[in-house]
6 protein chains.
Amino acid sequence: MPTIFFYGPELDVEKKRELIKSFTETASKLTGIDKSAFVVYLRPSSPDRVGVGGELLKDRHKRLEQEKG
Amino acid sequence: MPTIFFYGPELDVEKKRELIKSFTETASKLTGIDKSAFVVYLRPSSPDRVGVGGELLKDRHKRLEQEKG
Amino acid sequence: MPTIFFYGPELDVEKKRELIKSFTETASKLTGIDKSAFVVYLRPSSPDRVGVGGELLKDRHKRLEQEKG
Amino acid sequence: MPTIFFYGPELDVEKKRELIKSFTETASKLTGIDKSAFVVYLRPSSPDRVGVGGELLKDRHKRLEQEKG
Amino acid sequence: MPTIFFYGPELDVEKKRELIKSFTETASKLTGIDKSAFVVYLRPSSPDRVGVGGELLKDRHKRLEQEKG
Amino acid sequence: MPTIFFYGPELDVEKKRELIKSFTETASKLTGIDKSAFVVYLRPSSPDRVGVGGELLKDRHKRLEQEKG
């Protein structure tokens, strides 16, 4: 009974459907376990709760915007 | 210092109390570790952020409702 | 910088490659985030460390074998 | 389809069975979701891979042993 | 590409920045892996979704308040 | 009772001590919660169980070696 966790940005409902469907079909095919046994948890993380390279993601986005500016 | 994560539906406060108490007492008894060392995290997941069998749980609930019709 | 965890059976190396490639490509396409930002953790769980339906998975497999018997 | 993770010491097989059974029955009763939908992952952590109070658990055990002397 | 999860209280933005910076610098120095490869997820847990010692954290806080009187 | 998970390379025991000590002291200072309440889990991941940018980390290491070659 495999379980998949996805930590990433919030997605709209149509993309959630596609992500869950694709992850489940791929993993079912590769493991040989029936699709019905798979659970996928989407755990969104907002940019003020993630750090990348030691920097709050929100700050990083702002900095990259300004550098492009 | 064991740690338990529960990914499931949101519960009312009385049920949260029972779940935390029961999980902790069971695990303390079986491990021989004092109850004070246990932490339980309740991590609710809404039906529009979980996939089961390749299908968004919200869609699955709706489909099952309609099939019962 | 999204992160994916896969808790399931141990896979051979070729299947690991396919799973990582497929998950990353799907999630990159749906989020619009470059593939290079994705990390996938494969966290295998042996049947003597998973419970399904209240039953140790190892016991469940044995029981199902016997019932097919 | 709730999922439970238990991070703690390694258990013998009989205790694993009890823990999985008890967690699942408790959570099924409190959520109203059928037992068959529950997955429990036992994720053992050895004392040289856990820190408590800023101290490696292995060191802490040794220190407490010596203090008891 | 290491990943760090922090389950704890909600922090203000300045403390989030410090925590992410410090964790990343420490882990980069100890692993020898470049800071740019690290992701830190802050996963806050409110006191009505955590249990400590078998007791809902919210209840525990209230009880300790009353005992201090 | 905060909890920290570190998914990364295996470390020698002295580095584990430093990482646990530093993470705990930083997080204790920033949250105002006593160090004794912190648990850190080190969850090593070998390069044949991690994917980065859609590629098995083991393969990526080999490729980068060859490109430097």
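Can we say E:Val52 is in contact with a Lys or Arg (Cβ under 7 Å, 6 or more places away or on another chain) and among the aliphatic types (A, V, I, L, M)? Answer is yes for this residue. Quick check: is even one residue across segment D:33-49 closer than 29 Å to B:Leu11 by Cα, surrounded by fewer than 18 Cβ atoms within 10 Å (Cβ to Cβ), over 16 Å from the mean Cα position of the chain (by Cα) and at the interface with chain B (Cβ under 9 Å from one of its Cβ atoms)? Checked against the condition, which is being closer than 29 Å to B:Leu11 by Cα, surrounded by fewer than 18 Cβ atoms within 10 Å (Cβ to Cβ), over 16 Å from the mean Cα position of the chain (by Cα) and at the interface with chain B (Cβ under 9 Å from one of its Cβ atoms), segment D:33-49 yields at least one hit. When segment A:50-69 is examined, which residues are found to be surrounded by fewer than 14 Cβ atoms within 10 Å (Cβ to Cβ) and basic (Lys, Arg)? Answer for segment A:50-69, where residues must be surrounded by fewer than 14 Cβ atoms within 10 Å (Cβ to Cβ) and basic (Lys, Arg): A:Lys62, A:Arg63, A:Lys68. So, A:Ser22, is that one at the interface with another protein chain (Cβ under 7 Å from one of its Cβ atoms), hydroxyl-bearing (Ser, Thr, Tyr) and open to solvent by 20 Å² or more (accessible area, probe 1.4 Å) or not? The answer is yes for A:Ser22.
Among the residues of segment F:3-19, those that are crowded, with 21+ Cβ neighbours inside 10 Å, within 7 Å of chain E (Cβ to nearest Cβ) and of a type outside the set (Gly, Ala, Ser) comprise F:Thr3, F:Ile4, F:Phe6, F:Tyr7, F:Leu19.
Confirm whether A:Glu65 is among the charged types (D, E, K, R) and under 15 Å from B:Glu55 (Cα atoms). So A:Glu65 fails the test. Can you run down the residue pairs with Cβ atoms below 7 Å, 6 or more apart or on separate chains, where the first is in segment A:52-69 and within 13 Å of E:Val39 (Cα to Cα) and the partner is at pLDDT below 95? Between residues of segment A:52-69 that are within 13 Å of E:Val39 (Cα to Cα) and residues that are at pLDDT below 95, the close pairs are A:Val52/C:Met1.
Do we have D:Asp48 as in contact with a helix residue (DSSP H, G or I) (Cβ under 6 Å, 6 or more places away or on another chain), among the charged types (D, E, K, R), within 30 Å of F:Ser28 (Cα to Cα) and free of Cβ contacts under 8 Å to residues at least 40 places away in the same chain here? Give the steps one after another, and end with the answer.
Numbers: in contact with a helix residue (DSSP H, G or I) (Cβ under 6 Å, 6 or more places away or on another chain): yes; among the charged types (D, E, K, R): yes; within 30 Å of F:Ser28 (Cα to Cα): yes; free of Cβ contacts under 8 Å to residues at least 40 places away in the same chain: yes.
Answer is yes for this residue.
Keeping to segment B:5-53, report how many residues are among the basic types (Lys, Arg) and under 17 Å from D:Tyr41 (Cα atoms). I'd like the intermediate steps shown before the answer.
As a first pass, look at segment B:5-53 and keep what is among the basic types (Lys, Arg): B:15-17, B:21, B:29, B:35, B:43, B:49.
Remaining after also requiring under 17 Å from D:Tyr41 (Cα atoms): B:43.
Of the residues in segment B:5-53, 1 are among the basic types (Lys, Arg) and under 17 Å from D:Tyr41 (Cα atoms).
Consider segment D:10-64 and keep the residues that are of a type in the set (D, E, K, R) and not in a helix (DSSP H, G or I). The one that is farthest from C:Arg60 (Cα to Cα) is D:Glu55.
The values are calculated or read from the model by the stated rules, or taken from the named source; none is laboratory data. Because the structure is predicted, anything quoted here is derived from the model rather than measured. Here Cβ is always computed from backbone atoms with ideal geometry, including for glycine, and neighbour counts include all displayed protein chains. Remember, those area values only see protein heavy atoms, side chains included, never the ligands or the DNA or RNA. Shrake-Rupley method; radii C 1.70, N 1.55, O 1.52, S 1.80 Å.
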